[in-house]
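The values are calculated or read from the model by the stated rules, or taken from the named source; none is laboratory data. Predicted model only: the values in this text are computed from it and were never measured. Cβ coordinates were reconstructed from backbone atoms using ideal geometry, including for glycine residues, and neighbour counts include every protein chain displayed.
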Amino acid sequence: MFRFFNFWTFEEGYFETVAKAWKSTLKGNPMYVLMGKLKIVKAELKAWNKDRVGNVMDRVKLAKEELLRAQATLQEDPL
């Protein structure tokens, strides 16, 4: 499954990755070319995300766990 994260557009290298993938030359009818380019962009963004950002869902899970620990600590010993 491909997920697009809006914050990618703020990361260094995002636009270059998309532009490079979109410049791929494909032959066929316009719909085939469009679908092919979208598949190439998808593959390039997945690789870029893995190298540049890492697994976002894992990072979100860790952040939530850290938040829960902090909240528990505050409840046990409020200032």
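Would you confirm whether or not region 52-74 contains a residue that is surrounded by 12 or more Cβ atoms within 10 Å (Cβ to Cβ), of a type in the set (D, E, K, R) and closer than 13 Å to Phe5 by Cβ? Taking every residue of region 52-74 in turn, at least one turns out to be surrounded by 12 or more Cβ atoms within 10 Å (Cβ to Cβ), of a type in the set (D, E, K, R) and closer than 13 Å to Phe5 by Cβ.
Within region 60-72, is there a residue that is modelled with pLDDT under 95 and among the acidic types (Asp, Glu)? Looking for residues that are modelled with pLDDT under 95 and among the acidic types (Asp, Glu), one finds none in region 60-72, hence no. In region 5-25, of all residues being touching a residue at least 12 places away in the same chain (Cβ under 8 Å) and in a loop (DSSP other than H, G, I, E, B), the one that is nearest to the chain's Cα centre (by Cα) corresponds to Phe5. Taken as a whole, the condition of being hydrophobic (A, V, I, L, M, F, W, C), at negative phi and surrounded by 12 or more Cβ atoms within 10 Å (Cβ to Cβ) applies to Val18. Identify all residues within region 18-50 that are at pLDDT below 95 and in contact with a Gly (Cβ under 9 Å, 6 or more places away or on another chain); write none if there are none. If the condition is that a residue be at pLDDT below 95 and in contact with a Gly (Cβ under 9 Å, 6 or more places away or on another chain), then Ser24, Trp48 are the ones that fit.
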